[in-house]
Amino acid sequence: MTKHILIAGATGKTGRILTRLLIDQGHAVTALVRDGSDTGVLPEGAELRRADLTNLQPGVCHGADVVIFAAGSGGSTGPDMTEKVDRQGAMRLVDLARDAGAGRFVMLSSVGADQAEPGGDLAHYLKAKHDADQHLKASGLTYAILRPVALTDDDPGNGVILGDDVDKTAKASRADVARVLARAATTDELDGQALNMQSA
């Protein structure tokens, strides 16, 4: 069955793979893009909806069966943008998806985001991801949360490992991450779960 899927972060490295995958599967994909985004990286067939994750307006999720948050300020940004995008932007998108009656929300998170008080160089980033994940869990929406290990631009692996068996020092190809996000968006197999993930 064709689903209407809204993707935040569609022009990112993982997002553009995901967008193409879902369109190839026959779904109707809307890319949430801010002014200045390079929309030329998106495949033919992707619809565009202008919005800024730092200032999301009501109605941005209108018509979406599924909303996917695949955006991010990245681990190298300062706390200010991490707060605006990875925490506040993600949480606001969850609220707007719920208000719009979306049937499912899929969150691209990060390994380590299960910690309420993370340490290390990425502490502010992981804390933002943790708070957004918790907000989604408490939202009442049907959800799936994917927490991949370090991302690479490698070709897909020989499958993926999900859950407690993941080696947190391993790698996850963006192509594999996109495949799992698509699965989470279009099936109920990962509903209600927050899963670590690596390429096999």
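Available extension along the chain between ASP154 and HIS62 is 29.7 nm, counting 0.36 nm per residue and deducting the alpha carbon span. In terms of packing, defined here as the mean over residues of other Cβ atoms within 10 angstrom, the peptides 9-19, 114-124, 184-194 line up highest first as 9-19, 184-194, 114-124.
Across the options THR169, LEU190, VAL149, the greatest Cα extent toward the positive end of the charge dipole of the range 77-200 (unit charges at beta carbon of Lys, Arg, Asp, Glu) belongs to LEU190. Considering helices alone, the calculated mean residue ellipticity of the chain at 222 nm is -8000 deg cm²/dmol, with DSSP H runs of length four and up weighted by -39500 (n - 2.57) and normalised per residue.
Each residue of the range 151-164 is assigned a 3J(HN,Hα), and the resulting list reads 8, 10, 9, 5, 5, x, x, 8, x, 9, 10, 10, x, 5 Hz, derived from the Karplus form 6.51 cos²θ - 1.76 cosθ + 1.60 (θ = phi - 60°), x at Gly and Pro. When peptides 79-87, 20-28 are sorted by average Cβ neighbour count within 10 Å, with the highest value leading, the order is 79-87, 20-28. Straight-line reach only, C-alpha to C-alpha below 23 angstrom: list the lysines that LYS129 could link to, leaving out same-chain residues fewer than 8 apart. By straight Cα distance, LYS129 reaches LYS13, LYS84, LYS137, LYS168, LYS171.
Chymotrypsin sites (Phe, Trp or Tyr not before Pro) within the range 82-176: which are DSSP loop residues with at most 11 other Cβ atoms inside 10 Å?
Filter output for the range 82-176: empty list.
You can think of it this way: the chain between ASP38 and GLN115 has 24.3 nm of extra reach, that is 0.36 nm per residue less the Cα-Cα gap. Inter-label distance, GLU47 to ASP24: 2.3 nm, where each label sits 7 Å from its Cα along the C-beta direction. Placing a label point 7 Å from the Cα of THR142 along the Cα-to-Cβ direction, the residues of the range 1-40 whose backbone N falls under 17 Å of that point are 1-6, 27-28. A crude spin-label estimate for the pair ASP167 and LYS13, with each label 7 Å from Cα along the Cβ direction, gives 2.0 nm.
Across the chain, counting alpha-carbon atoms alone, Rg and Dmax equal 15.3, 44 Å.
Each principal axis of the Cα atoms in the range 110-200 has its own extent, and those three values, largest first, are 33, 33, 21 angstrom.
Where a number appears in this text, it was derived from the coordinates with a stated rule and is not lab data. Model, not experiment: these values are computed from the prediction. Glycine also receives a Cβ, built like all others from the backbone with ideal geometry; neighbour counts cover every protein chain displayed.
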